[in-house]
Amino acid sequence: MHAYSSDKAAANSPWLTVFACAVLGFLMLPSLIVVVISFSADRYMTFPPQDWSLRWYREFLSSPQWLAALGVSLKVGAASSTIALIVGTLASFALHRKEGAMWGALRGVLLAPAIVPVVLIAAATFMLFARTHHDNRLLLVVIAHAALALPFVTITMSAALQTYDFNLDRAARSLGAGPLRCFFTVTLPQLKGSLAASALFGFLTSFDEAVIALFVTSGSSATLAQRMFESLRDDLDPVIAAVATLMIAITSTVFIVGRFLAPAKAD
Amino acid sequence: MSVAIAVPMRRAIGQNLSAFFMCSPALILVMVALVAPLCLMFALSLVGQDGGLSTENYARLFEPLYARSAWVTFKLATTVTLCCALAGYPLCYFMSRLSLRAASVALLLVLLPFWTSLLVRTYAWLVLLQRRGIVNESLQAIGAIDEPLRLVHNFFGTTVGMVHVLLPFLVLPLYSNMRAIPGHYVNAAMSLGASPRRAFWQVFFPLSFPGLTAGLALVFIMSLGFFVTPALLGGGKVSTWPVRVESALAIYPHAGAAAALGIGLLIATLALVGVMRMAQRSFTNRST
């Protein structure tokens, strides 16, 4: 991408600057406000808070339902991102440098979960569940989340493979290493960064996902995102602010770590 | 000589087979998680109330209740797309004229909410727009209004929430498009006598069109499938198609109505994605 115009800054009119900053503020402020509110002592979520307190965090940490939901979300996230990582990495290796209509169609299929609206996946999974009387509802959620994470993994790992030097693999093989040994001792360690980034993005996708869980699970197998959705819709429990801040903290950490680990990609 | 040709061909077939084999777990995952449930949904949509094959579920889609939710969905998607265009284009223009370093900071700011949980952001808007929320309080403090405005649990609140979520999806393609526009085109136009305004509209804006339409199409398509934001910020009054699917599943004992709604939404989404890709292809053909 040649950037003729962009190396030097061009003058921006003051009105444009004000407008652009207003839009940026519009994008950023709501999340910051949630963090501030979570430290408010007041029950009614006023901003700015009159009094400060950690009571909502205490309530969260002493509530068995919320903690159970957090546990479920962490387990589901770990399981689904691991599945997506293994399956997606294999597929990325398979599709590396393959051209043609058939391989393009395969790539399209692997990207399909990103195109179909989540609510349809959720509703369809629910219909399947209702007919099969499956006992293990969380398994359904894990599988659905793994499918949702698959496009992220495929895209990240395919990008990583573009810049990967396969001569190192060939050198290792020529020195006598079998294919599996070569894969685990030469290929994987070099792709660590992208693998970790894919896993983290997959985890994030699952952690934030409320709709599928909403349709499929309930009660003790509810995920954190699902409980938060239900509370937002039904009773607006102020503990949500603390939960929300925790979610921001978790997802920001994961995101920042992921950005550091993935190599820079051209957009 | 036939042996010399056969060996590389056999290796190629072998490589293709092993590649397909490596793809198969991913394919199986998508089949199980996505394709099988959707096929079942399609089958269920063709089952009538008496249990036999019928299209009555699709016929029901044309009843006023469902037609209205189709209209609300379309209205919401159009409003959100328009607002994103009006807010996003000047922002991208501003960013494209910043230095590269300042612009990447701005881009990071745009993308940061993108990675914040959707639920958290929806909650933030509930807090901001409520009757005693900061927006109403500030407006009352400066005397602009006497009574708090109804800003949330309605169409307005839903639009605000969705614009907040979808704006980064417009900014990404549009900004990179604008960055790639050579600055000397506009300068050349002005040196030939065009006013800055004319140079912008006749040179810069048409060149930014591909990014703009790609971004807006993306925003529109995603607006159709949104569930969380209309469900939470709409207060039950913004019954978009996804919201209807959920309520239909909850209300009706048989899944036919919800299934037909779901398939309708799926077809609409896939059709729009197909149109968008064809348009993109024709854009790239025209520019070369």
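Looking at region B:121-158 only, could you name the residues that are part of a loop (DSSP other than H, G, I, E, B), more than 28 Å from the chain's Cα centre (by Cα) and either surrounded by 19 or more Cβ atoms within 10 Å (Cβ to Cβ) or facing another protein chain (nearest Cβ under 8 Å) (or both)?
Answer for region B:121-158, where residues must be part of a loop (DSSP other than H, G, I, E, B), more than 28 Å from the chain's Cα centre (by Cα) and either surrounded by 19 or more Cβ atoms within 10 Å (Cβ to Cβ) or facing another protein chain (nearest Cβ under 8 Å) (or both): B:Arg132, B:Gly133.
Would you be able to say whether some residue in region B:95-113 is at the interface with chain A (Cβ under 9 Å from one of its Cβ atoms) and modelled with pLDDT under 80?
There is at least one residue in region B:95-113 that is at the interface with chain A (Cβ under 9 Å from one of its Cβ atoms) and modelled with pLDDT under 80.
Do the conditions hold for B:Gly161, that is, is it of a type in the set (Gly, Ala, Ser), under 17 Å from B:Phe227 (Cα atoms) and either buried (at least 16 other Cβ atoms within 10 Å of the Cβ) or free of Cβ contacts under 8 Å to residues at least 60 places away in the same chain (or both)?
yes
Are any residues in region A:46-92 free of Cβ contacts under 8 Å to residues at least 60 places away in the same chain, within 13 Å of chain B (Cβ to nearest Cβ) and either surrounded by 22 or more Cβ atoms within 10 Å (Cβ to Cβ) or of a type in the set (Ser, Thr, Tyr) (or both), and if so, which ones?
Within region A:46-92, A:Thr46 is the sole residue that qualifies.
Given the structure, is B:Leu207 under 25 Å from the mean Cα position of the chain (by Cα) and farther than 30 Å from A:Arg233 by Cα? Walk me through how you get there before you give the answer.
On the way: under 25 Å from the mean Cα position of the chain (by Cα): yes; farther than 30 Å from A:Arg233 by Cα: yes.
Against the criterion (under 25 Å from the mean Cα position of the chain (by Cα) and farther than 30 Å from A:Arg233 by Cα), B:Leu207 qualifies.
Taking only region A:215-230 into account, find how many residues are facing another protein chain (nearest Cβ under 8 Å) and within 16 Å of A:Leu140 (Cβ to Cβ).
Adding up the residues that qualify gives 2.
Can you name every residue in region B:241-275 that is outside any helix (DSSP H, G or I) and either among the β-branched types (Val, Ile, Thr) or more than 7 Å from chain A (Cβ to nearest Cβ) (or both)?
Residues satisfying the conditions are B:Tyr252, B:Pro253, B:His254.
Hey, does region B:26-49 have a residue that's away from chain A (no Cβ under 14 Å) and over 25 Å from the mean Cα position of the chain (by Cα)? Explain how you work it out, then say what you get.
Let us first name the residues in region B:26-49 that are away from chain A (no Cβ under 14 Å), namely B:48-49.
From the residues that got through so far, the ones that are over 25 Å from the mean Cα position of the chain (by Cα) too are B:48-49.
There is at least one residue in region B:26-49 that is away from chain A (no Cβ under 14 Å) and over 25 Å from the mean Cα position of the chain (by Cα).
Looking only at helices (runs of 4 or more DSSP H) that lie completely in region A:142-228, which have at least 1 residues being farther than 24 Å from A:Thr253 by Cβ and hydrophobic (A, V, I, L, M, F, W, C)? Don't jump to the end; show me each part of the working.
Numbers: elements: A:167-174, A:179-182, A:192-208, A:211-216.
Here the list reads A:167-174, A:179-182, A:211-216.
Any idea which of A:Asp208, A:Asp165 is touching a helix residue (DSSP H, G or I) at 6+ places or on another chain (Cβ under 9 Å) and without any contact (Cβ under 8 Å) to a residue 24 or more places away in the chain?
Only one candidate qualifies: A:Asp165.
The values are calculated or read from the model by the stated rules, or taken from the named source; none is laboratory data. All values derive from a computational prediction rather than experimental measurement. A quick note on method: Cβ atoms are made from the backbone with ideal geometry, for glycine too, and the neighbour counts reach across all protein chains shown.
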